[in-house]
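The values are calculated or read from the model by the stated rules, or taken from the named source; none is laboratory data. Only a predicted model underlies this, so the values are computations on that prediction, with no experimental measurement involved. Neighbour counts are summed over all protein chains in view; Cβ atoms, including those assigned to glycine, are modelled from backbone coordinates with ideal geometry.
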Amino acid sequence: MSREKFVERVLFLLALSSLSSLLLITVFIFLEGMPLIIETGLGNFLASSHWAPTKGHFGILAMIISSVLVTLGAMVLGVPLGLACALVLAEFSPPRLKMVLKPTLELLAGIPSVVYGFLGVLWLVPLIRDYLGGPGLSLLAAALILGIMILPTVISISIDALDAVPGPYRDGSIALGATQWQTVRRVVLPAASSGIITAVILAMGRAIGETMAVIMVAGNALKIPTSILDPVRTLTSNIALELGYASGRHREALFATGIVLFVIIMLLNLAATLLTRRK
């Protein structure tokens, strides 16, 4: 066997082992959670907001709505700021400044989420409580923290997408009389749209799957929020808070919640793939 064939087979086995691990995790989650969904009924499980596992009530609607609202709030904050920062660094900044700032911003992705949560509890929650009212631990606090946490993802991938646009696109536009901003808005952004959409989808997946920081600042109240100042509990927070002492059907309900999260993430990834192919 040649050396190249040997290396090729080793890499194939490593890739296969990764896929096998993912498949085993998926099968395990579905085996643990599907019995409760079948017994309770998918409609009752998703459409009810009454969560009382010790009394046989397993409704996660309030947590689904809370997760969606927190994620949307994070996207409203993080995506415009991240895209604006990426545009400045990729199109308007000197190369040396970009070489310094881009790696620095990417380092933010390595900060543990518990640090963001701690800073949120220490500074953000008191500000919300003192100036806007409410308990401070709220949907708004969780959305703001997640909006900051997704910035490195949006910025890094958007810069890569903008840098991938061929230089002649810009040169041709400027040669036709367009300004630099017109070139960016009408040529560069449309050409890089698939990469930017990918950045947004990945940031959304990061936001909806975040746990520790949300637990610390969201308040973890089991109710449908009627205001951005209301405390909320997301799907991930519910799993993390209750899995340590859950047993029996309660444990199955938490795995069923994991199935819902799994499906949501898969739909996001599918949407990203379809949008990218369409572009």
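Structure above, values below:
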| quantity | calculated |
| --- | --- |
| Answer from 141, 86 - the residue that is assigned by TED's automatic domain parsing to the domain that holds residue 220, touching a helix residue (DSSP H, G or I) at 6+ places or on another chain (Cβ under 8 Å) and within 30 Å of residue 229 (Cβ to Cβ) | 141 |
| Subset of segment 77-114 [closer than 15 Å to residue 153 by Cβ, within 17 Å of the chain's Cα centre (by Cα) and at pLDDT 90 or above] | 77, 78, 79, 80, 81, 82, 83, 113 |
| Hits in segment 166-189 (condition: of a type outside the set (A, V, I, L, M) and surrounded by 13 or more Cβ atoms within 10 Å (Cβ to Cβ)) | 169, 170, 172, 173, 180, 182, 183, 185 |
| Filter pass, residue 152 being surrounded by fewer than 20 Cβ atoms within 10 Å (Cβ to Cβ) and at negative phi | no |
| Complete set of residues in segment 209-224 that are aliphatic (A, V, I, L, M), touching a helix residue (DSSP H, G or I) at 6+ places or on another chain (Cβ under 8 Å) and surrounded by fewer than 23 Cβ atoms within 10 Å (Cβ to Cβ) | 212, 215, 222, 224 |
| Residue match in segment 111-130 (condition: outside any helix (DSSP H, G or I), hydrophobic (A, V, I, L, M, F, W, C) and buried (at least 18 other Cβ atoms within 10 Å of the Cβ)) | no |
| Residue in segment 225-247 that is nearest to residue 65 (Cα to Cα), counting only those that are surrounded by fewer than 20 Cβ atoms within 10 Å (Cβ to Cβ) and at pLDDT 90 or above | 226 |
| Test for residue 108: is it free of Cβ contacts under 8 Å to residues at least 60 places away in the same chain, at negative phi and either surrounded by fewer than 16 Cβ atoms within 10 Å (Cβ to Cβ) or not assigned by TED's automatic domain parsing to the domain that holds residue 231 (or both) | yes |
| Test: residue in segment 41-63 that is farther than 25 Å from residue 251 by Cα, out of contact with any Pro (no Cβ under 9 Å at 6 or more places or on another chain) and surrounded by fewer than 12 Cβ atoms within 10 Å (Cβ to Cβ) | no |
| Of residues in segment 226-251 being outside any helix (DSSP H, G or I) and free of Cβ contacts under 8 Å to residues at least 40 places away in the same chain, the one farthest from residue 56 (Cα to Cα) | 226 |
